Amino acid sequence: MSRPKAHWIMLTSNPRESTGERLVYWKTEADACADELEAQADKAYMTIAKQEAHMEAQDGRIADLKAEVARLTEALETPENIERLARAAHTAWSGWMEYLFRKCAECGTESIIPAWAVERWKRQASTAYDDLPEDEKESDRDEARRYIRALREEPR
């Protein structure tokens, strides 16, 4: 048998159970390398298959969660809840108007908003919630809690 120019390596298998003899065979280093690469590729494909199965399971969970959100949203959007929230919104608005008018200066038939209030309220109105200072966020959280309490009220 003529050997190719590649180096040959001797591989020994485990002893055969029945005879206890060892099998010895020869492979080129390139063949051994190809076998190792094939084994690594098989392992990579198995890993990819597991990851794809995991992603499909996650997609299923996400779809279930989206369906649950849709169900809860539909359950919340009842005529009774719309009325409860509208009542709470009106109460918040009228409370704000009373506060605003208390801060205004009366000038005959006119109400004048003080400059400090205009400056503050313009700043607040042009600031995203996430960028508000913590005390102003807490004020908004208090308002949100009032809306949640409104949903707990008995319908009128």
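What follows draws every value from the coordinates through simple rules; no lab data is involved. These figures come from a predicted structure and were not determined experimentally. Here Cβ is always computed from backbone atoms with ideal geometry, including for glycine, and neighbour counts include all displayed protein chains.
Within the range 68-93, list the residues whose amide N lies under 15 Å from a label point set 7 Å along Cα→Cβ of S111.
92-93
Label A39 and Y129 with points 7 Å out from Cα along Cα→Cβ: what is the distance between them in nm?
Between A39 and Y129, the simple spin-label model gives 5.7 nm.
In Å and on Cα atoms, what radius of gyration and Dmax does the range 78-152 show?
Computed over the Cα atoms of the range 78-152, radius of gyration and Dmax are 15.3, 46 Å.
Just in the range 37-134: which GluC sites (Glu not before Pro) are loop by DSSP and have at most 16 other Cβ atoms within 10 Å? Intermediate values should be presented prior to the final figure.
Numbers: sites: E38, E52, E56, E68, E74, E77, E80, E83, E98, E106, E110, E119, E134; in loops: E77.
Sites meeting the loop and neighbour criteria: E77.
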